[in-house]
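Novice: Next up is a structure, given as structure tokens.
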Amino acid sequence: MSGQAPALAAVVGVELRKLAARPRTWVTIGMLCALPVVVAVLLSVTEVAPRPGAGPAFLSAVLANGQLYPAAALGIVLPVFLPVAVAVVAGDAIAGEAAAGTLRYLLLRPVGRTRLLVAKLAGVLAFTAAAVVAVTATAWVAGVLLLGDAPVATATTTSGSALSTGELLWRTALVMAYVTLSMTGVAALSLLLSTLTDSPLAAALGGLGLLVSSTVLVALDAAQGLRDLLPTRYWLAWVDLFRDPVLWTDVQRGLLVQGGWVVVLLGAAWANFTTRDITS
Amino acid sequence: MSAAPSGDGWAVRTQGLTKRFGTVAAVTDVDLEVREGERYGFCGPNGSGKTTTVRMLLGLVLPTRGRVELLGADVPGDLARVLPSVGALVEGPAAYGHLSGRANLALLDAAAPGPGSRRERRARVEEALEVVGLAGVGRRAVRGYSLGMRQRLGLAAALVRRPRLLVLDEPTNGLDPQGIRRVHDLLLDLSAQGTTLLVSSHLLTEVEQLCTRVGVMDRGRLVVSDDVAALRAPTGRVLVAVDDPTAARAVLGRRVVGGHVVEGLGERLVVVGSPVADVVRDLVTAGVAVQEAVAERRTLEDVVLERTTAVGEDR
């Protein structure tokens, strides 16, 4: 290794260790898990579910079968809570190191700038995936303990047909993957801003700005021409993964839109970070 | 140690190094040359471009114009190849506050692993903590460290790789006198083993004690680059302290050959144009008691103040 830039794996490993060693990471994930549990408790105590079609997607179905609850829980954290957490972690990625002064020492190790950026992205994705897994797991436990435990055979798709345990599992896994990937647009923007400013807060708020604007514009009829390009446009398409047969169109579009945002924003982040003066 | 490129005897070499931030010229046409094995002091007032120059040497800031060569390698082109042989402390230490000093060093080292097995690398971290006197702090988080401890941790981080070139910005900032002595001894020790030192410091006495060569920056330009010994050569003036200044003036005034008194401050006289020995001999022969006689040397401070813009002037 002597005299050479380190392998990417080493840098990614260090990023993951740093994330894991940070209390904030676990507090955030804990809070993400707490919200669906609170919802589950309220549902089980009151047995009042939102009318079908109103409230967070899917919630009306979970009273009958708690095993559908993990997907519903992801639906609860998806619109606001999860993207906020992702924006904070991604916004902190480079700007946090700059503010702490550790950025220059990392680069002097030397950790190449491109490698560091890729490692930071891997860290953000790992955080998102860990949060999604944690929410799914806690929601499964809460669902089984607190909500309806009717046999799996009666767990139904939103189209009304029955689901086997196997089907339930892979569909839930697909939802987890889709929710994780849906966060990449917000993550990429926060990461770009994180390379532009030395303030982690500004970078995180910028990412949230995109989230809020996108949410507003998606709901605005006058923005119809733009709508299909907005990062939050297809976020709720995960529900289609519980239709029978699975309705792939919007899921695929959602992934394409995220991919487009990610390519453009990460490209800009890379172009900026690799040519920028580090004065922090 | 690291198989870095050979430097042809130059640890640092810049040509026409220039950096503009927008319309502000931070550094202009700096030709900095540091030989391998040398102890080079880098001085200058705040805002004179020292830090920007150091950052350009290390590839953190990209030059607007000019060339940088570090241990014979082109910067920023060959940075990844040369940086493993360089240890640096730039604008103060920095560490992850929630981790211990040891964990910080291990983490930094793991991000770009040096040569050797995991155990050898751990041993190097321990050794670095040992030489800066931090081996005993255990698992305490850096958040609870004093300024001096953070500074020593920063030095340890620079030393972990056993670098051929050490670039240190204000290495003794925040240290107590014992700590300063310890760091000076450490640096002289490393220098004796062949490490090149580039020390930037506001403390000119520190540079005087530590360095063999000195460069002075002023308003973005390198205005002095010379051996400390040459800058501190005798000025030709002799300072004499006597019990009876009036008699001494009379004695020296009668001399046909030799120097004369140019000024006197109480019992101290300044004599020009005569070696110390002659002045003392003449005074003692005439019965004037001499308390002290010394050939005047300029301090580094005199040199720097003379060659740089006074504080408050437009910079």
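Just so you know, all these numbers are worked out from the coordinates, no wet-lab data involved. In this text, all values refer to a predicted model and were calculated from it rather than measured experimentally. Backbone-built Cβ (ideal geometry, glycine too); neighbour counts: all protein chains shown.
Novice: So, in Å, what gap is there between the alpha-carbon centers of segment B:191-237 and segment A:107-147?
Specialist: The two parts, judged by their Cα centres, are 51 Å apart.
Novice: Could you pull out every residue, at least 5 positions away or on a different chain, whose amide H is within less than 5 Å of the one on B:V132? Hs are placed 1.01 Å off N in the peptide plane, and Pro or chain starts have none.
Specialist: Distant-sequence amide H within range of B:V132: zero hits.
Novice: Give me B:R162, A:R113, A:R104 sorted ascending by neighbouring Cβ count inside 10 Å, so fewest comes first. All intermediate terms of the calculation are to be shown ahead of the outcome.
Specialist: Working: B:R162 16, A:R113 22, A:R104 19.
Taking fewest neighbouring Cβ atoms as first place, the list is B:R162, A:R104, A:R113.
Novice: Now a separate question. What angle, in degrees between 0 and 90 and rounded to the nearest 10, separates the Cα long axis of helix B:118-131 from the longest principal axis of the Cα atoms of chain B?
Specialist: Value to nearest ten degrees: 20.
Novice: Only Lys, Arg, Asp and Glu count, each charged at its Cβ (+1, +1, -1, -1), so figure out the dipole size of segment A:4-275 about its Cα centre, rounded to 20 debye.
Specialist: Values: 15 positive and 12 negative charges, 163 e Å.
For segment A:4-275, the charge dipole is close to 780 debye.
Novice: Okay, moving on. Mind ordering A:34-42, B:115-123, B:98-106 by average Cβ neighbours within 10 Å, highest first?
Specialist: Details: A:34-42: 17.4, B:115-123: 12.3, B:98-106: 21.4.
The densest-packed peptide leads the list: B:98-106, A:34-42, B:115-123.
Novice: For segment A:209-264 and segment B:265-314, compute the distance between their C-alpha centroids and round to whole Å.
Specialist: Taking the Cα centre of segment B:265-314 as reference, the centre of segment A:209-264 is 82 Å away.
Novice: Using only Cα atoms, find the angle between the long axis of helix B:245-254 and the longest principal axis of chain B, and express it within 0 to 90 degrees, rounded to the nearest 10.
Specialist: 70
Novice: Mind checking the mean number of beta-carbon atoms from other chains within 10 Å of the Cβ atoms in B:110-118? Write out the running numbers ahead of the final one.
Specialist: Details: counts 7, 17, 16, 7, 5, 3, 2, 0, 0.
Taking the mean over all residues of the peptide, I get 6.
Novice: If you average 1/r over all unlike Cα pairs in segment A:4-275 and invert the result, what Kirkwood radius do you get in angstrom? Numbers along the way, then the final one.
Specialist: On the way: mean 1/r = 0.0512 Å⁻¹.
Taking the inverse mean of 1/r over all distinct Cα pairs, segment A:4-275 comes out at 19.5 Å.
Novice: Quick one: angle between helix B:276-285 and the longest Cα principal axis of chain B, in degrees between 0 and 90, rounded to 10, please.
Specialist: Once rounded, the angle reads 30 degrees.
Novice: How many partner chain Cβ atoms sit within 10 Å of a residue's Cβ in peptide A:97-107, on average, as a whole number?
Specialist: On the way: counts 2, 1, 1, 4, 7, 8, 2, 7, 12, 5, 6.
Partner Cβ neighbours, averaged per residue: 5.
Novice: Here is a further query. Per-residue HN-Hα couplings for segment B:270-275, Karplus 6.51 cos²θ - 1.76 cosθ + 1.60 at θ = phi - 60°, whole Hz, x for Gly and Pro?
Specialist: Going residue by residue, I get 10, 10, 10, x, 8, x Hz, with x marking Gly and Pro.
Novice: Counting each DSSP H run of 4 or more residues in the protein assembly as shown as -39500 (n - 2.57), what helix-only mean residue ellipticity at 222 nm follows after dividing by all residues, to the nearest 500 deg cm²/dmol?
Specialist: Numbers: 23 runs with 299 residues, N = 595.
Dividing the helical sum by the residues of the protein assembly as shown leaves -16000 deg cm²/dmol.
Novice: Provide a whole-number value for the mean count of partner chain Cβ atoms within 10 Å of the Cβ atoms in peptide A:265-277. Show your work: numbers first, answer last.
Specialist: On the way: counts 0, 0, 0, 0, 0, 0, 0, 0, 0, 0, 1, 3, 9.
That average works out to 1.
Novice: Follow-up. Students often forget the sequence filter, so: which aspartates and glutamates lie under 17 Å Cα-Cα from A:K120 once same-chain residues fewer than 8 apart are removed?
Specialist: In chain and number order, the partners are A:E15, A:D92, A:E97, A:D198.
Novice: Contact order normalised by length for chain A, with contacts defined as Cα pairs under 8 Å and 6 or more residues apart; what percent is it?
Specialist: On the way: 400 pairs, mean separation 69.1, N = 280.
That works out to 25 percent.
Novice: From Cα pairs below 8 angstrom and at least 6 apart in sequence, can you work out the relative contact order of segment B:50-114, rounded to a whole percent? It would help to have the intermediate numbers written out before the result.
Specialist: Values: 36 pairs, mean separation 14.8, N = 65.
Answer for segment B:50-114 is 23 percent.
Novice: Follow-up question, since we're still on this one. Quick check: convex hull of the Cα atoms in segment B:123-253, volume per residue, rounded to a whole Å³?
Specialist: Here the figure is 188 Å³ per residue.
Novice: Could you put B:D243, B:D109 in order, starting from the residue whose Cβ has the fewest other Cβ atoms within 10 Å?
Specialist: Values: B:D243 11, B:D109 21.
Fewest-to-most ranking of B:D243, B:D109: B:D243, B:D109.
Novice: Within chain A, which DSSP H helices have Cα atoms that stretch 30 Å or more along the helix axis and a mean Kyte-Doolittle hydropathy of at least 1.0?
Specialist: Working: long enough: A:23-46 (34 Å, 1.71); A:113-146 (48 Å, 1.64); A:248-275 (40 Å, 0.70).
Flagged H segments are A:23-46, A:113-146.
Novice: Which whole-number percent of Cα pairs in segment B:1-159 have a distance greater than 26 Å?
Specialist: 37
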